[in-house]
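Trainee: The structure follows.
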2 protein chains.
Amino acid sequence: MMELTRKGEYAIRGIVYLAAQPPDRVCLLSDIAAAVDVPATFLAKIFQQFSKIGLVKSYRGTGGGFLLGRTPEKITLLEVVEAVEGPIIPNRCVVGAGECVRDVSCKVHPVWKRVQGQVRDVLAGVTLKELSEE
Amino acid sequence: MMELTRKGEYAIRGIVYLAAQPPDRVCLLSDIAAAVDVPATFLAKIFQQFSKIGLVKSYRGTGGGFLLGRTPEKITLLEVVEAVEGPIIPNRCVVGAGECVRDVSCKVHPVWKRVQGQVRDVLAGVTLKELSEE
DNA sequence: CCTAACAAGACATTTTTTATCCTTTTAGGG
DNA sequence: CCCTAAAAGGATAAAAAATGTCTTGTTAGG
């Protein structure tokens, strides 16, 4: 359980590749896809999601392509993962009130809350800089 | 992402209910299913998995049913969850050597390892006793 | 031997994941 | 002003996983 999907994996590979490029090198989607071994059409969707929230910047037309929206040390793994996989929610009952209808005083609730916190903390503590250097 | 499936939810509900019963009260599957509001046929599958690894004991025939395999304080949430959802593996590359073929020195690897550890620690720290009392 | 109960396996349905394709929009260059 | 390069967006399709259901087998008690 708790497994990252293919999409999440691809997303990380793709953006880490971008982070490893010289700061203002505009990269073609097709090049990125080839480099990280991901279907270009699929990666396109992923980068569209990145683009919407500013994780990457995109340019169309001749000479277009992608580059990182911010410097690598300002993008965390948490942002990348949540961008494509949605928020980290181990159990529906952590979402908020009204979800845990079965049990007003649900004992499991705080446990999942804790899990969520730990996972988020770990992922938030890692930046693209660390993942791309060397 | 990282969401517990319905199966996992049902599993927890079912076994927590058992843990809340008097120690040697044998419970009918149909009663448990009704009490925790889970399809009986589905819960049957779940309890079969529990039974195989000794998390619950089962008795067939007239007067049969289920009871907890050990005392509630000796069963952790981690065991329950892993029994039905499989091991907690945030990313395939934490499984072991040979999986992370793309990158011998995969930088993301240790991060997922850490996530895995944290999640397991939280879940291992909670027993059915705590979840079932009061 | 009849009935109660769980065990096991096959099957069906729905949802999610994992793509692919086609059309549209934007931009540069001749 | 056209032509080409590139990303954006939407529709669709195939495969896998989740979520159940059903039928038959097994075990045990009375």
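The values are calculated or read from the model by the stated rules, or taken from the named source; none is laboratory data. Not measured: the values here are computed from a predicted model. Every residue, glycine among them, receives a Cβ derived from its backbone with ideal geometry; neighbour counts consider all protein chains shown. To get the accessible areas, we keep the full protein, side chains included, count just its heavy atoms, and leave off ligands, DNA and RNA. Shrake-Rupley method; radii C 1.70, N 1.55, O 1.52, S 1.80 Å.
Trainee: May I ask you to verify whether B:Ala11 is open to solvent by 40 Å² or more (accessible area, probe 1.4 Å), more than 9 Å from DNA strand C (Cβ to nearest atom) and under 18 Å from A:Val108 (Cα atoms)?
Mentor: It is false that B:Ala11 is open to solvent by 40 Å² or more (accessible area, probe 1.4 Å), more than 9 Å from DNA strand C (Cβ to nearest atom) and under 18 Å from A:Val108 (Cα atoms).
Trainee: Quick check on my filter: what residues within the stretch B:1-16 are touching a residue at least 40 places away in the same chain (Cβ under 8 Å), in contact with a Phe, Trp or Tyr (Cβ under 9 Å, 6 or more places away or on another chain) and more than 14 Å from B:Gln48 (Cα to Cα)?
Mentor: B:Leu4
Trainee: Sort out which residues of the stretch A:33-42 are within 21 Å of B:Val111 (Cβ to Cβ) and either open to solvent by less than 30 Å² (accessible area, probe 1.4 Å) or within 9 Å of DNA strand D (Cβ to nearest atom) (or both), and write them in order of number.
Mentor: Those that are within 21 Å of B:Val111 (Cβ to Cβ) and either open to solvent by less than 30 Å² (accessible area, probe 1.4 Å) or within 9 Å of DNA strand D (Cβ to nearest atom) (or both): A:Val36, A:Val38.
Trainee: Now a separate question. List, please: which pairs have Cβ atoms under 7 Å, are six or more places apart or on different chains, and start with a residue in the stretch B:44-69 that is away from DNA strand D (no atom under 12 Å from the Cβ) and end with one that is of a type in the set (Asp, Glu) and modelled with pLDDT under 95?
Mentor: B:Leu67/B:Asp24
Trainee: Does B:Leu18 satisfy being in contact with a helix residue (DSSP H, G or I) (Cβ under 6 Å, 6 or more places away or on another chain) and open to solvent by less than 20 Å² (accessible area, probe 1.4 Å)?
Mentor: Considered against the rule, which asks whether it is in contact with a helix residue (DSSP H, G or I) (Cβ under 6 Å, 6 or more places away or on another chain) and open to solvent by less than 20 Å² (accessible area, probe 1.4 Å), B:Leu18 comes out as no.
Trainee: Is it the case that the stretch B:38-50 has a residue that's within 22 Å of A:Gly117 (Cα to Cα) and more than 11 Å from every other protein chain (Cβ to nearest Cβ)?
Mentor: no
Trainee: Still on this structure: Hey, could you check the stretch B:21-32 for residues that are away from DNA strand D (no atom under 12 Å from the Cβ) and open to solvent by 50 Å² or more (accessible area, probe 1.4 Å) and say which is nearest to the other protein chains (Cβ to nearest Cβ)?
Mentor: B:Asp31
Trainee: Next question. Please count how many residues of the stretch A:113-132 are farther than 16 Å from B:Asp121 by Cα and facing chain B (nearest Cβ under 8 Å).
Mentor: Of the residues in that region, 5 qualify.
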